[in-house]
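Input: a single structure, listed below in structure tokens.
The values are calculated or read from the model by the stated rules, or taken from the named source; none is laboratory data. Computed from a prediction, not measured in an experiment: that's the story for all the values here. All Cβ positions, even for glycine, are placed from backbone atoms using ideal geometry, and neighbour counts span all protein chains on display.
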Amino acid sequence: MMTTNYLIIGSGVAGLTFAIKMADRFPDQKITILTKATADESNTKYAQGGIAIVTNKTEDSYQKHIQDTLICGDGLCNADVVKMVVTEGPKRLKELISWGAKFDKNAKGNFDLGKEGGHSQNRVVHHKDQTGFEIERAILEQVYQKKNISVLDHHFALDLITKNNRCHGAYALDQKTKKIITFQSNHTVLASGGIGHLYGHTTNPTIATGDGIAMASRANAIIKDMEFIQFHPTALYDKSSGSAFLISEAVRGFGAYLRTKNGHRFMLDYDPREELASRDIVSQSIDLELKKSTEQCVYLDCTHLDMKAFMKHFPMIYKRCKSLGIDIAKDWIPVVPAQHYLCGGIVVDKNGRTSIENLFACGECSRTGLHGANRLASNSLLEALVYSDKIYNYLANNAFEKKDLNFTVAAWVTVENTEINSAYIAQMKSELQLLMRQNAGIVRNNNNLLQAKEQLLQWKEELKEKIKNHQVETGLYELQNMISIGYLIVLHSIERTDNRGGFMKV
Ligand code: FAD
Ligand code: SIN
């Protein structure tokens, strides 16, 4: 049993920035971060394009950013939340800079602002094409300097501890010792990120298995908008499944064209914003083109661009393509849509509070109302920064919340069980990923969704039995979590009767 004042599950931008602030404000309180891989491994680390923030108030304005976010969310955003998040952007950027994160500037000393789909202005603050890597580096460095933060790598959170709709911490598996630890905490923050590996073909790293949302769902927290899966239009085409390398939308913001194999610039047929239409529209258009042509991919053409400037702005993308024999100056880049982001998740209010007392959520696992039916590019890092700050402020200003460490939580009951066969997990995972790609992809239909629902229900039951009869193991729990998330996606997709943003049912 371990006790802590604040338990944070996840070490991406959401969890780490919350931890830094709490540690500074309450140096006598204990903050524990659980993370299932090494601390830097997260979706955050791979963010390329940047953070959407209004910094150039001459050409841009909060109103324009708000409007772009609302248009992108296709009528389902919470307008108050949009205003709050957009207007707090500059303060959160200042904080990141104060913690040592560096962002590109132009010759005049102003931020070099990128542009992405759905943005009416250049407003994306970035660090080359490795913005997430730079942010994660800077904030992790800060976290390691705080004496009252413990970062526990390779600690996999299994389940929340709740009683009478109140959260008292979580159980976690120490993946190295194989021991299960009971973490009792006054306040628990889920910052556990996305769900990409449910689809297999995804821009997300392998940690993205929806654990936090599944845990919250098991504890009866309200979960919403799971049908709004965002597919990024331009993942590098690779015949194998698994994590796909992203070709940032900022490349299209820099002027790249999308073409079919025979050279047709098809986005001109679909949207007046052309290649810079919002992500849902570009992905759906590519999907249609691929179905028409029966080709495997479309192409991103950068051959007309200033290569020197391109290499300066996108060195990682340039290098990765080169390593695969694609010379961007001469060759088109083969691209295909891939699962990228989850717009829905654990419902939180404007203070990041979930429907369970003392349980908070921020970042990709949460559903704040900012994104509606489709997230505007580069609004995700911003949302995580703003909501981790909201939770911090709420806890800092509500002393009455700091109570209850003497409540007795039940320790995890360990049962002697056999080890699960890893081949079972691998096989089941690939069947699940195939089911999700085929039945809950960019374009869905009720027949496929109903079939998927039946299958997922069956798998849910099967996993309950497996968990009961086998040793606790990360892969088994991840599989259980992914099946639960798949079920929620399918259920919410069946329930939705209108096509909005990233959701299309025919
Ligand atoms: P994450 O950064 O994913 O962190 C989740 C953490 O939770 C990880 O540390 C993980 O190990 C941990 N965890 C999960 N489950 C458990 C468990 N059971 N037990 C213990 N720990 C657990 N957004 C933008 O705004 N701009 C961009 O340019 C951008 N580019 C992107 C590019 C790529 C390739 C990807 C994948 C995403 C991009 N996004 C971008 C989205 C954005 O990066 C993420 O939405 C955001 O970083 C999520 O942050 P987070 O802190 O919520 O989660
Ligand atoms: C990208 O760089 O294309 C990703 C941006 C995002 O997901 O917001």
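What number of residues within the stretch 55-67 satisfy the criterion of being away from ligand 2 (no atom under 16 Å from the Cβ) and either in contact (Cβ under 8 Å) with a residue 24 or more places away in the chain or surrounded by 17 or more Cβ atoms within 10 Å (Cβ to Cβ) (or both)?
The number of residues fulfilling the criteria is 8.
From ILE346, ILE333, which residue is touching a Leu at 6+ places or on another chain (Cβ under 8 Å), touching a residue at least 40 places away in the same chain (Cβ under 8 Å) and under 25 Å from SER380 (Cα atoms)?
ILE346
Output the number of residues of the stretch 343-370 satisfying the condition of being touching a helix residue (DSSP H, G or I) at 6+ places or on another chain (Cβ under 6 Å) and either in a loop (DSSP other than H, G, I, E, B) or within 30 Å of GLN284 (Cβ to Cβ) (or both).
Here the count works out to 10.
Look through the stretch 455-483, keep the residues that are among the basic types (Lys, Arg) and either more than 26 Å from the chain's Cα centre (by Cα) or part of a loop (DSSP other than H, G, I, E, B) (or both), and return whichever of them is nearest to GLY210 (Cα to Cα).
Checked the stretch 455-483; the qualifying residue nearest to GLY210 (Cα to Cα) is LYS464.
Show the residue pairs meeting these rules: Cβ distance below 6 Å; 6+ apart or different chains; first residue within the stretch 199-213 and under 18 Å from PHE228 (Cβ atoms) and free of Cβ contacts under 8 Å to residues at least 12 places away in the same chain; second residue hydrophobic (A, V, I, L, M, F, W, C) and surrounded by 24 or more Cβ atoms within 10 Å (Cβ to Cβ).
none
Write out, first by first residue and then by second, each pair whose Cβ atoms fall under 7 Å of each other, whose residues are 6+ apart or on separate chains, and whose first residue, in the stretch 31-54, is farther than 11 Å from GLY12 by Cα while the second is within 16 Å of ligand 2 (Cβ to nearest atom) and among the basic types (Lys, Arg).
As it stands, the answer is ALA52/ARG123; ILE53/ARG123; VAL54/ARG123, since those pairs meet every condition given.
Looking at the stretch 185-233, which of its residues are within 16 Å of ligand 2 (Cβ to nearest atom) and on the phi > 0 side of the Ramachandran plot?
Answer for the stretch 185-233, where residues must be within 16 Å of ligand 2 (Cβ to nearest atom) and on the phi > 0 side of the Ramachandran plot: just GLY193.
Is there any pair linking a residue in the stretch 116-138 that is at pLDDT 95 or above to one that is of a type in the set (S, T, N, Q) and outside any loop (DSSP other than H, G, I, E, B), with Cβ under 7 Å and at least six apart or on different chains, and which?
GLY132/THR44; ILE135/THR44; GLU136/THR44
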